[in-house]
Every structure is written in structure tokens, then in C-alpha cells.
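The values are calculated or read from the model by the stated rules, or taken from the named source; none is laboratory data. Everything quoted here is computed from the prediction, not taken from an experiment. Counting neighbours? That spans all protein chains shown, and the Cβs are built from the backbone with ideal geometry, glycine included.
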Amino acid sequence: MQKEPPLLQSLAASIHACAQSITAYCDEVHYPQASFEPDAPSTLLPSTAPQHLLDAQETLLESVVQLQHLAFDVSDFLPCQQVYYQQLSALQWLCHFDILSHIPPTMPVTYTSLASLASVPEPLLRRIAPMAITAAFLCSPSPNHLAHTRLSAAFAADPALRDWLLYLASASAPTALKLTEATERWEETKKPEVTAYGLAMGTELGFFEHLKADPGRGKEFAGYMAAVGKSKGVSLDHLINDFDWASLPDGGVVVDVGGSTGHASRTLAQTFPHLRFIVQDTPSTIATALSQQPSPPSDRITYTPHDFFTPQPVRNAAIYLLRAILLAPGNPALVSDSLMCHVQ
Ligand SMILES: C[S@@+](CC[C@H](N)C(=O)[O-])C[C@H]1O[C@@H](n2cnc3c(N)ncnc32)[C@H](O)[C@@H]1O
């Protein structure tokens with residue numbers, strides 16, 4: 001029987017094989033090869049790539065992560081964890097002070113002029129940017145210059161990515177770090193007003209109550225939700241492609257329950273012009289949605305406040321869309337309340 005190669009070798013071989021098939025395919029279809037250049041495409045493969053190459057990309061990523069874990073000495077583990085939170089902090093700083101939009105898309109800029117354009121202290125910029133560079137976010141073509149990579153260029157071009165990052169840094173990460181204290185205090189409580197989120201934000205309100213009470217936070221969360229819709233796992237493409245929307249009748253109404261500022265409805269409306277949409281959410285989120293409407297506003301999308309724990313006022317819609325709103329882990333009663341308000 002042939003002996004299995006050692007894990008280190010088999011992972012390296014898997015990375016080599018996947019990289020070879022991906023680069024060969026890119027050559028064949030004249031798609032740019034992976035690079036850090038600021039004008040490199042945001043995806044490794046074109047959207048038309050066959051499934052076996054998309055699978056190869058997944059395998060490549062998994063093997064890279066496993067190989068990294070295997071190659072670490074135990075003493076490397078904590079320094080590596082430290083890098084993750086320092087990188088997050090550096091990215092928050094760069095986005096908060098709007099550094100990225102002052103860097104020309106394809107040209108380097110000196111630290112001195114960048115610091116002056118963004119009104120930040122140059123010594124801080126010189127210390128913080130290199131931490132982001134360790135994540136291939138920005139690069140330094142010479143000791144006095146900073147320039148975009150494909151990652152930072154994408155963040156400079158897309159405010160939704162910046163909203164997402166800022167939400168991670170200001171709400172998600174602090175909440176995660178309060179988990180231990182929350183368990184110490186309340187063990188495994190299901191009450192929405194005693195949570196790690198409440199400890200991190202200094203509030204006794206439940207998560208959505210807190211968003212309602214703080215329009216700034218609510219707006220930030222809506223931006224985060226819109227941005228998350230662009231990521232692969234929860235991409236709106238799944239919503240568009242995995243249901244036969246075209247089969248719905250002309251003028252059919254889709255009620256987007258808890259639809260935030262309407263990103264899902266807007267995307268569906270673009271692809272299916274025969275449908276109409278009603279976006280329902282809390283009053284403050286609907287106010288944000290109305291303030292962000294494109295000009296001229298679409299006459300096929302309307303926005304209206306509605307509490308989804310109360311009976312649904314729109315009758316006979318073609319579809320009631322409940323996307324990512326049944327978020328009540330461990331509390332089936334909340335989920336069934338929400339569902340029953342729509343099916344009765
Ligand atoms: C996780 S987000 C999902 C947003 C959107 N459906 C999506 O797929 O991206 C949950 C949404 O439910 C809204 N929401 C929370 N409680 C609500 C309530 N009682 N009535 C109506 N909307 C509510 C929030 O404001 C938020 O926009």
C-alpha cells in the first residue's frame with residue numbers, strides 16, 4: 001500500500017494544484033491573474049467560471065489556512081492573534097479619518113501630503129498604515145510613500161465596505177469581547193436586555209430597541225446590512241437566482257418585512273421590472289431609507305414603518321420576504337410570533 005504523504009506536503013501539493021488550474025483558466029479566458037495591483041479585479045475568478053474552479057478556489061483557501069496553522073510553532077499563536085486585532089484597529093483608524101479617499105487610485109502619495117490632506121498627525125499615519133500593510137491593505141512602494149492595493153482601492157471606491165468595517169470595529173468586536181463578562185453575570189439568559197451587546201454599548205435596551213433609540217447606530221447597522229449583502233456567503237445573488245421571481249404575476253407585490261433600507265428590494269426591482277415592493281421596518285430605519293432614496297425615487301418601491309410582531313397590514317401580497325429577521329437564537333417563541341403575524 002502506498003504511504004500517505006505527510007500532511008505538510010499534501011497541503012502544499014493541494015495549494016500548488018489549485019493555483020495551477022486557476023491560473024491556467026485565467027490565461028485561457030484572458031482574465032487578469034491574481035495580483036495586489038490597485039486595478040486588479042476584486043474576484044480571483046470571473047463570475048462565469050465553472051463550478052469546479054470555484055471549488056478549487058475554496059480548497060485553495062482552506063489548504064492555505066490549514067497549512068498556516070500547521071507551520072506555526074505554538075509560540076507563534078498568540079502573536080498572530082494580536083496581529084488580527086491590531087489590523088482591525090488600524091483599518092478602523094484609516095476609514096474613520098477617511099485616509100483612503102485622499103490616495104490617488106493608481107499613484108503613490110507621500111506620507112507628508114497625505115497627512116496634511118486628511119488632517120491627521122503624520123507620525124501616527126506612519127505608525128498605523130504599516131499595520132494595515134501587513135494585511136495587503138495599502139502598500140508602501142518607497143519609505144516615504146503610500147499607495148493603494150486592490151483591497152484598499154475597493155474600500156476607497158465603496159462606502160458600504162467602509163460602513164461594514166466601522167460596524168465590525170465599533171459594535172461587533174466590542175460585543176464579542178464582553179461575552180465572558182455577560183456569562184459571568186447572567187449565565188445563559190435569553191432576556192434581550194441582558195446581553196454582551198448591552199454591556200459593550202452601555203445599554204439595557206435589547207439590540208433592535210437600542211438601534212431604534214440611537215438613529216446614528218441604526219444608520220450604521222443599515223449600512224452594515226447593505227454591505228454584508230455583497231459578500232459571497234449571503235450575497236443577494238442567492239435571493240435573485242434561487243427563486244423563480246419571473247413566475248410571479250405582473251404587478252405582484254413583494255412585502256420585504258424588516259427589509260432595512262431596502263437593499264434587497266432595490267436589487268430585486270432592478271432584475272424583475274414586473275414586480276412592486278413594500279419595504280417595512282422600524283420608523284427610524286424607514287426614515288433613513290427615505291433620506292437615502294435615489295433621485296428620482298423608484299415608483300415601484302414604497303417604504304413604510306411596521307412592527308413585524310403585529311399583524312401584517314398588507315393582505316394578498318405575492319410574497320412576504322422574511323430575510324435575516326428571524327434572529328432569536330434559543331427563543332422559538334419570538335420566531336413563531338414573527339411568522340404568525342404574516343401567515344394568519
Ligand atoms: C438583520 S437585519 C435584516 C435586514 C434585511 N432583511 C436583510 O436581509 O438584509 C434585521 C432588520 O429587522 C429590523 N427589525 C428589528 N425589529 C423589528 C420589528 N419589531 N419590526 C420591524 N422591523 C424590525 C431591523 O431594523 C433590521 O433592519
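Report yes if residue 266 is more than 10 Å from the ligand (Cβ to nearest atom), modelled with pLDDT under 95, in contact with a strand residue (DSSP E or B) (Cβ under 7 Å, 6 or more places away or on another chain) and basic (Lys, Arg), otherwise no. Step through it out loud before you land on a result.
Values: more than 10 Å from the ligand (Cβ to nearest atom): yes; modelled with pLDDT under 95: yes; in contact with a strand residue (DSSP E or B) (Cβ under 7 Å, 6 or more places away or on another chain): yes; basic (Lys, Arg): yes.
Taking the combined requirement at face value, the residue satisfies it.
If you go through segment 287-303, how many residues are surrounded by 18 or more Cβ atoms within 10 Å (Cβ to Cβ) and either near the ligand (Cβ under 9 Å from one of its atoms) or touching a residue at least 60 places away in the same chain (Cβ under 8 Å) (or both)?
The qualifying residues number 2.
Within segment 200-213, count every residue that is in contact (Cβ under 8 Å) with a residue 24 or more places away in the chain and buried (at least 19 other Cβ atoms within 10 Å of the Cβ).
At the first step, the residues of segment 200-213 found to be in contact (Cβ under 8 Å) with a residue 24 or more places away in the chain are 200-201, 208, 211-212.
From the residues that got through so far, the ones that are buried (at least 19 other Cβ atoms within 10 Å of the Cβ) too are 200-201, 211.
Residues in segment 200-213 being in contact (Cβ under 8 Å) with a residue 24 or more places away in the chain and buried (at least 19 other Cβ atoms within 10 Å of the Cβ): 3 in total.
Within segment 249-262, can one find any residue that is touching an Asp or Glu at 6+ places or on another chain (Cβ under 8 Å), without any contact (Cβ under 8 Å) to a residue 60 or more places away in the chain, near the ligand (Cβ under 9 Å from one of its atoms) and of a type in the set (Ser, Thr, Tyr)?
yes
Restricting attention to segment 155-167, which residues are of a type outside the set (Phe, Trp, Tyr) and either surrounded by 17 or more Cβ atoms within 10 Å (Cβ to Cβ) or within 11 Å of residue 225 (Cα to Cα) (or both)?
Going through segment 155-167, the residues of a type outside the set (Phe, Trp, Tyr) turn out to be 156-163, 165-166.
Those that are of a type outside the set (Phe, Trp, Tyr) and either surrounded by 17 or more Cβ atoms within 10 Å (Cβ to Cβ) or within 11 Å of residue 225 (Cα to Cα) (or both): 156, 160, 161, 162, 163, 165, 166.
Residue 282 passes all but one of (1) surrounded by fewer than 16 Cβ atoms within 10 Å (Cβ to Cβ); (2) hydroxyl-bearing (Ser, Thr, Tyr); (3) under 19 Å from residue 339 (Cα atoms); which number fails?
Failed condition: (1).
May I ask you to list the residues in segment 163-188 that are of a type outside the set (Phe, Trp, Tyr), over 25 Å from residue 220 (Cα atoms) and part of a helix (DSSP H, G or I)? Talk me through it step by step, then tell me what you get.
To start, the set of residues in segment 163-188 that are of a type outside the set (Phe, Trp, Tyr) comprises 163, 165-166, 168-185, 187-188.
Imposing the further condition that a residue be over 25 Å from residue 220 (Cα atoms) reduces the set to 180-181, 183-185, 187-188.
Of everything in segment 163-188, those that are of a type outside the set (Phe, Trp, Tyr), over 25 Å from residue 220 (Cα atoms) and part of a helix (DSSP H, G or I) turn out to be 180, 181, 183, 184, 185.
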